[in-house]
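Working notes, structure below.
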Amino acid sequence: MVIKSKIEGLDEWLFSEEIPDSYSPDKPLIEKRVEISKSPVHLRNFQLSTSGLFIVHAQMTFDKPVRIHTEIEGEAITSQFIFFKTPDSKLPYGMSRHNIRYFPSVKTSQEVREGVSYTYFIAVISKSYYLNLIKRDSLLHKHFVEDIEKGDYVSFSAEDLMATYEMQHTIAELVESKKSGEIRRLHTESRIVELLMYQFEQYNEKMNNQESMFNEEDIERLEMARQILEQRIANPPTQKELASEVLMSESKLRKDFKEYFSVTIHDYLTRLRMEKARAYLLEERLSVYEVALLTGFGHQNNFSSAFKKYYGISPGELKM
């Protein structure tokens, strides 16, 4: 595969990589970081590549509308995510969409708007590598493989879907990983499989629950509720306060949140707190007392009990 991307008006390519199509577990990962701050472009670009796989995570804003040109030569499957936030958005983190696509080869040109914060995550996977990760006869992607074998461009889902918390968390784990060598490669591969599984799962749930789809206004309010919880885990609103902030009744918020995210508000907040606590303990090496305060527990003992109930070990045992 050959993968290239360029911003109109800039002489240099954002990236131009030749990736072997065949899957080779012995091929090391190559990591690159690029930063551009040259009007109209402000961009931070992170890349990982190995045989059969190319990953790019780009955060960008623009002072004026520009076009991004992308080329892929050779058969490829892409797991594509875009997160975007306009200056007037009521959502703390903005909106998102994602899909899985097959390209026999493609050249695209996409216009991006000024003042909008964009984050792109794209995993470009050779056909050979993809069918090594997800077996050809798997029922998870039966219809998709049938279309791939025809050699025509196709999207896994007829319409783009919104990224879930699990997808965003998996992307963050992959991009922010401090692992190296063979462990880094195995971690990357496992996160790509995990991401594809979440995408398959969401699509299948959507197909099985067509009658309970939410309208755009419902989705925006539910996304706002989720993002408020993520931003304020140290001092979260009550469910009544949260419902008021997103202009929904408390009963509707509880019901729709559970149906849309497949988890209750209480359990979702608990998961956020525990995952954040684990990161504080392991990565930032904060004390148990500090972590208890940062994750919204009034007392260290309450935090320790909740942590042990969730993970099966105490915070002190995790730090050992």
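The values are calculated or read from the model by the stated rules, or taken from the named source; none is laboratory data. In this text, all values refer to a predicted model and were calculated from it rather than measured experimentally. Virtual Cβ from ideal backbone geometry, glycine too; neighbours counted across all protein chains shown. Protein only, heavy atoms only, side chains kept; ligands, DNA and RNA dropped before computing areas. Shrake-Rupley method; radii C 1.70, N 1.55, O 1.52, S 1.80 Å.
Observations on the structure shown:
- Sequence-distant contacts, meaning Cα pairs under 8 Å at least 6 residues apart, place the relative contact order of the chain at 12 percent.
- In the chain, taking the dipole from charged Cβ atoms about the Cα centre, the farthest positive-side position among A163, I313, L91 is held by I313.
- Loop-located trypsin sites (Lys or Arg not before Pro) in region 269-320 (DSSP state other than H, G, I, E, B) with a sparse environment of at most 12 neighbouring Cβ atoms within 10 Å: R285.
- When shorter helices are ignored and each DSSP H run of at least 4 residues is given -39500 (n - 2.57), the per-residue value for the chain at 222 nm works out to -13000 deg cm²/dmol.
- Amide hydrogen neighbours beyond the local backbone of V116, cut-off 5 Å, H modeled: F62
- Solvent-accessible heavy-atom area per residue, rounded to whole Å², over region 1-116 at 1.4 Å: 50 Å²
- Within the accessible area of the chain (1.4 Å probe), percent carbon and sulfur: 49 percent
- At 0.890 mPa s and 25 °C, Stokes diffusion of region 161-312 via Kirkwood alpha-carbon radius, µm² per second: 142 µm²/s
- Given their separation in residues at 0.36 nm each and the Cα-Cα distance between them, K308 and S128 gain 60.5 nm when the chain is fully extended.
- Legend: calculated FRET efficiency, H143 to S22, from the Cβ-Cβ distance at R0 = 30 Å, rounded to 0.05, equals 0.70.
- Taking the Cα centre of the chain as reference, the dipole from Cβ charges on Lys and Arg (+1) and Asp and Glu (-1) amounts to some 920 debye.
- The chymotrypsin sites (Phe, Trp or Tyr not before Pro) of region 1-102 that meet both conditions, a loop assignment by DSSP and at most 15 other Cβ atoms within 10 Å of the site Cβ, are W13.
- Separation in nanometres of the label points that stand 7 Å from Cα toward Cβ, at I219 and S249: 2.4 nm
- In this structure region 183-320 gives 55 Å² per residue of accessible area when probed at 1.4 Å with all protein chains present.
- Separation of the alpha carbons by more than 32 angstrom is noted, of K206/K308; K127/K258; K107/K206, for K206/K308; K127/K258.
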